[in-house]
Amino acid sequence: MKNIYFLVYYKIYKFSLKTQNKDIAEWSSMIAFSTLIFFNILSIMLLTKMNIKNFIIRPRYSMVILMITIMITNYLLFIKNKNYLKINEIYSKISKTRNAVFGYLVLAYLISSFLLTIYVISTI
């Protein structure tokens, strides 16, 4: 599971290097990936009809705490100690064929996450 998590970050990071300022690619990738994970968790909570009102603290604050927790976790995994460079080094060695397959799988995950979020929000 850890490898899949790193692979998705790597693909977002590589995309950020091509499209944005290279100086902040690791940060923008981490923020984008954290937001994606947040919406995945939120979609799962809503699909399973988990009542957000049952949280110990107010629902709005619990969502903020969830997002901050995801961001801190991803910071520790990717940014601290420049781990994104180690991840880049590991995944840049994979073959072109596997890289393309992984790229399409990650793209499918991104699109399905986006569509699932839209679907869940529209059913509220």
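No value in this document is a laboratory result; all are computed from the given coordinates. None of the values given here were measured: they were computed from a predicted structure. Every residue, glycine as well, gets a Cβ built from its backbone with ideal geometry; the counts of neighbours run over all protein chains shown.
Residues that are surrounded by 12 or more Cβ atoms within 10 Å (Cβ to Cβ), farther than 22 Å from Ile31 by Cβ and among the basic types (Lys, Arg) within the stretch 78-119 are absent altogether.
Just need a number here: residues in the stretch 1-47 that are hydrophobic (A, V, I, L, M, F, W, C) and in contact with a Lys or Arg (Cβ under 9 Å, 6 or more places away or on another chain). Can you show your working first?
Start the filter on the stretch 1-47 by keeping residues that are hydrophobic (A, V, I, L, M, F, W, C), which leaves 1, 4, 6-8, 12, 15, 17, 24-25, 27, 30-33, 36-39, 41-42, 44-47.
Checking the rest, the ones that are also in contact with a Lys or Arg (Cβ under 9 Å, 6 or more places away or on another chain) come to 25.
The qualifying residues number 1.
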